[in-house]
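This report refers to the structure that appears directly beneath it.
Nothing in this text is a laboratory measurement; each read-out follows from the coordinates by a stated rule. The model shown is predicted, which means the values in this text are computed figures rather than measured ones. Cβ coordinates were reconstructed from backbone atoms using ideal geometry, including for glycine residues, and neighbour counts include every protein chain displayed.
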Amino acid sequence: MPEPIKYDEIIESLLEKTDQGKVSWSQVFSTNSFTCTLDGEFTFRVDKWRDRDEDTWVRLSMTDKENNEIFQVERIESNLGGKKLSNLHEAARRTALNVDEKINAVKNILGRI
C-alpha cells in the first residue's frame, strides 16, 4: 500500500513561503479561489466556500505542468486540518489582492482628511 500524501507538510510549507513573500498568488474565476505556480512545474489552487449546512470548506489542489491532478484535499474550516488550510487561503487572498498595501493606503487617506 502506498504511503499517504503528507498534506500538512505541503500546506505548512506553502503558508511559510507565502508569509515570507516567496510564493506569489493570483486570484482566479471567483473571489475565493487563488493559484500559485512553482518553477513553472506545479500549480496549487486554494478555494473556500459554504455548503447548504453553512459549513465553510477549504480545498487545496495540486496539478503538474500537464494539468494532471496530483492531489486534492478538502476539509471543513472548523476542523483541525481545516484551520491550516484556512490560514493558507487567507495568506493567498491577502497576497493576491495586495490587502496589506490597500489597508495602508486607506490609513494614509484617512490621515489626510
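Kindly give Rg over Rh for the chain, based on alpha-carbon atoms, with the Kirkwood expression for the hydrodynamic radius. Write down the numbers at each step before the final one.
On the way: Rg = 15.8 Å, Rh = 15.2 Å.
Radius of gyration relative to Kirkwood radius: 1.04.
Of all GluC sites (Glu not before Pro) in the range 17-89, which ones are in loop regions per DSSP and have a Cβ with at most 10 other Cβ atoms within 10 Å?
Details: sites: Glu41, Glu54, Glu66, Glu69, Glu74, Glu77; in loops: Glu41, Glu54, Glu66, Glu77.
Those satisfying the criteria are Glu41, Glu54, Glu66.
Just flag the trypsin sites (Lys or Arg not before Pro) in the range 30-113 sitting in loop per DSSP whose Cβ has no more than 13 other Cβ atoms within 10 Å.
Numbers: sites: Arg45, Lys48, Arg50, Arg52, Arg59, Lys65, Arg75, Lys83, Lys84, Arg93, Arg94, Lys102, Lys107, Arg112; in loops: Arg52, Lys65.
In loop regions of the range 30-113 (DSSP not H, G, I, E or B), the sparsely surrounded trypsin sites (Lys or Arg not before Pro) are Arg52, Lys65.
Test of understanding: ordering Met1, Met62 by Cβ neighbours within 10 Å, fewest first, what list do you get?
Values: Met1 3, Met62 19.
Ascending number of Cβ neighbours within 10 Å: Met1, Met62.
Please state the relative contact order of the chain as a whole percent: Cα pairs under 8 Å, 6+ residues apart? Walk me through the numbers before you get to the answer.
On the way: 166 pairs, mean separation 26.5, N = 113.
For the chain, the relative contact order is 23 percent.
Please give me, ordered by residue number, the chymotrypsin sites (Phe, Trp or Tyr not before Pro) of the range 1-58 that lie in loop per DSSP and have at most 11 other Cβ atoms within 10 Å. Walk me through the numbers before you get to the answer.
Values: sites: Tyr7, Trp25, Phe29, Phe34, Phe42, Phe44, Trp49, Trp57; in loops: Trp25, Phe29.
Answer by residue number: Phe29.
Report the FRET efficiency, 1/(1 + (r/R0)^6), for Arg50 and Lys17, where r is their Cβ-Cβ distance and R0 is 30 Å, rounded to 0.05. Display every interim value, and only then the final one.
Values: r = 28 Å, r/R0 = 0.93.
After rounding, the FRET efficiency stands at 0.60.
What percentages make up the Cα-Cα pair-distance distribution of the range 1-42 when the bins are 5 Å wide from 0?
5, 18, 21, 25, 17, 8, 4, 1
By the scheme Lys and Arg +1, Asp and Glu -1, what is the net charge of all other residues having a beta-carbon under 13 Å from that of Leu38?
Spelling it out: positives minus negatives among the neighbours equals +1.
Excluding same-chain pairs closer than 8 in sequence, count the lysine pairs in the chain whose Cα atoms lie under 29 Å apart.
So the count of such lysine pairs works out to 27.
For the chain, set up a GNM with springs between Cα atoms under 10 Å and report which of Gly21, Gly40, Gly81 has the largest fluctuation.
Result for the chain, Cα springs under 10 Å: Gly40 fluctuates most.
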